[in-house]
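**Q** I'd like to ask you about the structure that follows.
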Amino acid sequence: MNDSFTLAQIATWGIACVSVFCVILRPWNLPQALWAVGGAVLLVIFGLLPLDAAVRGIAAGTDVYLFLFGMMLLAEVSRKEGLFDFLAAVAARFAKGSAARLFALIYAVGILVTALLSNDATAVVLTPAVAATVKSAKIEEPLPYLLICALIANAASFVLPIANPANLVIYDNHMPPLPQWLANYALASVLSIAVTFIVLRWSQRHSLRQKMAADVRVPDLTPAAKTAAAGIVVTSVALLTASAFNVNLGLPTAIAGVLTLAAVLLRERKAPWPMMREISWGILPLVAGLFILVEALAHTGVIDSLKDFLRYEAAHAAAASAWGAGTAIAIASNLINNLPAGLIAGSAVRGAGVSDHITRAILVGVDLGPNLSITGSLATLLWLDALKREGLHVSGRAFLKYGLLVMPPALIAALAGALAFN
C-alpha cells in the first residue's frame with residue numbers, strides 16, 4: 001500500500017465520518033440531506049470516489065427509495081384525510097379514561113403497524129395519530145406515548161422481512177423465504193417486544209397514573225379516509241405477498257402509495273400539489289447520500305477488511321463471534337446511524353460467507369440497537385420530524401435516558417432468541 005493511497009483512504013474516511021456526524025448533529029439546523037449529499041459530492045470532486053462508483057452507490061438504494069416513497073405517500077394521504085384523527089379518538093375511547101390502558105393499546109398498534117408496514121411507517125404514520133390521541137384525551141404528559149412510536153418501531157422490526165428497510169440491505173437479493181424468516185426471528189421478536197414493553201412500562205409507571213379524558217368525541221370517518229385505510233390494508237397484503245415470494249418490496253410499496261393517492265384525489269377532485277408539498281422529500285437524497293458514502297468506504301477496502309475479520313472470527317469462535325458482532329453493530333448503529341452501519345455490515349456478511357447465526361445477530365443489532373439514542377435509526381429521525389410537525393419535542397438527552405434502560409436488556413434477550421436454534 002503506497003503513501004498516496006493511504007492519504008486517499010484517510011481523506012475518504014474523514015469526509016465520510018464528518019458527513020455522518022453532521023447528519024446526526026445537524027449543525028446550524030441545516031437539513032440532514034445537505035450533509036450527506038455534500039459529503040458525497042466532495043468525495044467525487046476530490047477524485048476520492050469515481051463517478052461511476054457514486055452512481056452504483058445511488059443505484060444500490062433503489063429499492064429503499066421506492067419503499068420510503070410509497071410509505072410517505074400513504075402517511076400523508078392518511079394524515080390529510082383525517083384517518084389518524086379518527087383512529088386517535090377510537091383509541092382514546094377504548095382506553096376508558098385509563099392512561100395505562102391507552103399505553104398498552106398504542107403499543108399493540110405499534111407492533112402491528114411495524115410488522116405489516118415497516119418501522120418507518122410507524123414513525124411516519126403512527127406518530128401523528130398518537131400526537132392526535134394525547135391531544136384528544138387531554139393528556140398533560142405525552143412522553144410515554146411518544147416514546148412508544150420510536151421504540152416499538154425498532155423493537156418489532158424483525159417480526160417480518162418487511163418490517164425494516166435495513167432488513168433489505170442486510171440480505172440484499174438473498175432474503176430468506178417467509179417460513180424460514182419466522183423460524184429464525186420469531187422468538188427473537190417476541191423477546192424484543194416483551195422486554196421493551198416491560199422496561200418502558202416500568203420506567204413510565206409514574207406518568208401513567210395521570211388523568212385523561214374518557215368522553216372523547218369520535219369524528220366521522222370520511223370516504224376519503226376510508227380509501228386511505230383501504231390503501232394501507234392493500235399495501236400490507238401486497239408486502240406480505242411479495243415477501244412470501246422473495247420479491248423486492250420497494251416497487252409494490254411505491255405502486256400502492258401512488259394508487260392510494262390517486263384514488264383519494266380522484267374521489268375528492270383535488271390537485272396533488274398541496275399534499276405533495278407536505279411530504280419530507282429530503283429523506284430520499286439523505287438516504288442516497290448515505291449509500292454513496294458507504295460505496296466510498298467500500299472503495300477504500302474497509303468492507304474487505306471486515307469480511308476477512310468476520311471470516312477469521314467465525315472460523316475460530318462462531319458463537320462468541322455472533323454475540324460480539326451483534327453487540328458491536330448495535331453500538332455502531334448509534335454512532336453512525338443504522339442505515340450506513342447496516343449497509344457496511346450487510347456487504348461484509350455477504351462477502352465473508354459466514355454462518356447464518358452471525359447474519360441473524362447482525363440483523364438484530366442493526367434493527368434493535370438504535371433504540372439507545374435519538375440518532376440511531378432512520379425511523380427515529382423520521383419520528384423526530386413527525387414530532388416537529390405536530391409541535392412536540394423530545395430531547396436527545398431524554399431519549400438516551402430511557403434508551404439506556406430499554407435497549408441493552410432487549411438486545412441481550414433478542415440475540416439469545418435469534419441464536420437459540422440452528
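The values are calculated or read from the model by the stated rules, or taken from the named source; none is laboratory data. Quick caveat, the model's predicted, so the values are computed rather than measured. Note that we place each Cβ from the backbone using ideal geometry, even for glycine, and neighbour counts take in every protein chain shown.
**Q** Among the residues of the stretch 405-422 satisfying the criterion of being aliphatic (A, V, I, L, M) and part of a loop (DSSP other than H, G, I, E, B), which is farthest from SER157 (Cα to Cα)?
**A** Step by step, filter the stretch 405-422, then rank; the result is ALA420.
**Q** In addition: Here's a check for you: in the stretch 353-381, which residue that is farther than 19 Å from ALA153 by Cβ and part of a loop (DSSP other than H, G, I, E, B) is modelled with the highest pLDDT?
**A** Here the answer is SER355.
**Q** Here's another thing I want to ask about it. Within the stretch 96-110, does at least one residue satisfy the condition of being at pLDDT below 85, surrounded by fewer than 19 Cβ atoms within 10 Å (Cβ to Cβ) and more than 24 Å from the chain's Cα centre (by Cα)?
**A** Yes, because at least one residue in the stretch 96-110 is at pLDDT below 85, surrounded by fewer than 19 Cβ atoms within 10 Å (Cβ to Cβ) and more than 24 Å from the chain's Cα centre (by Cα).
**Q** Say whether the condition of being closer than 27 Å to ALA183 by Cα, among the hydrophobic types (A, V, I, L, M, F, W, C) and under 22 Å from the mean Cα position of the chain (by Cα) is met by at least one residue in the stretch 212-232.
**A** Yes, the stretch 212-232 has at least one match.
**Q** Looking at ALA320 and the list (1) at pLDDT 75 or above; (2) crowded, with 20+ Cβ neighbours inside 10 Å, which single condition is not satisfied?
**A** (2) is the only condition that ALA320 fails.
Residue-wise test of (1) closer than 30 Å to VAL134 by Cβ; (2) surrounded by fewer than 16 Cβ atoms within 10 Å (Cβ to Cβ); (3) of a type in the set (Lys, Arg).
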| site | (1), (2), (3) |
| --- | --- |
| ILE162 | yes, no, no |
| PRO179 | no, yes, no |
| ILE198 | yes, yes, no |
| HIS206 | yes, yes, no |
| ARG209 | yes, yes, yes |
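**Q** So for the stretch 189-212 (the condition being farther than 30 Å from LEU265 by Cβ, in contact with a strand residue (DSSP E or B) (Cβ under 9 Å, 6 or more places away or on another chain) and in a helix (DSSP H, G or I)), does at least one residue qualify?
**A** Yes, that holds for at least one residue.
**Q** Also: Might you let me know whether the stretch 27-40 holds any residue that is among the aliphatic types (A, V, I, L, M), part of a loop (DSSP other than H, G, I, E, B) and loosely packed, with under 14 Cβ neighbours inside 10 Å?
**A** Within the stretch 27-40 (the criterion being among the aliphatic types (A, V, I, L, M), part of a loop (DSSP other than H, G, I, E, B) and loosely packed, with under 14 Cβ neighbours inside 10 Å), the answer is yes, since at least one residue qualifies.
**Q** Looking for whichever is modelled with pLDDT under 85 and assigned to a helix (DSSP H, G or I) here; the options are ALA153, ALA132. Which one fits?
**A** Criteria check complete, one pass: ALA132.
**Q** Further, regarding this structure: Looking at the stretch 241-250, is at least one residue of a type in the set (Ser, Thr, Tyr), under 24 Å from ALA379 (Cβ atoms) and assigned to a helix (DSSP H, G or I)?
**A** yes
**Q** Of all residues in the stretch 164-177 being over 13 Å from the mean Cα position of the chain (by Cα) and surrounded by fewer than 23 Cβ atoms within 10 Å (Cβ to Cβ), which is farthest from ALA345 (Cα to Cα)?
**A** Restricting to residues being over 13 Å from the mean Cα position of the chain (by Cα) and surrounded by fewer than 23 Cβ atoms within 10 Å (Cβ to Cβ), the top hit is PRO177.
**Q** Considering the stretch 382-404 alone, what residues qualify as being over 19 Å from PRO165 (Cα atoms), in a helix (DSSP H, G or I) and not hydrophobic (A, V, I, L, M, F, W, C)?
**A** LYS388, ARG389, GLY396, ARG397, LYS401, TYR402, GLY403, listed by residue number.
**Q** Is the stretch 217-226 home to any residue that is of a type outside the set (Gly, Ala, Ser), part of a helix (DSSP H, G or I) and modelled with pLDDT of 85 or more?
**A** Yes, some residue in the stretch 217-226 is of a type outside the set (Gly, Ala, Ser), part of a helix (DSSP H, G or I) and modelled with pLDDT of 85 or more.
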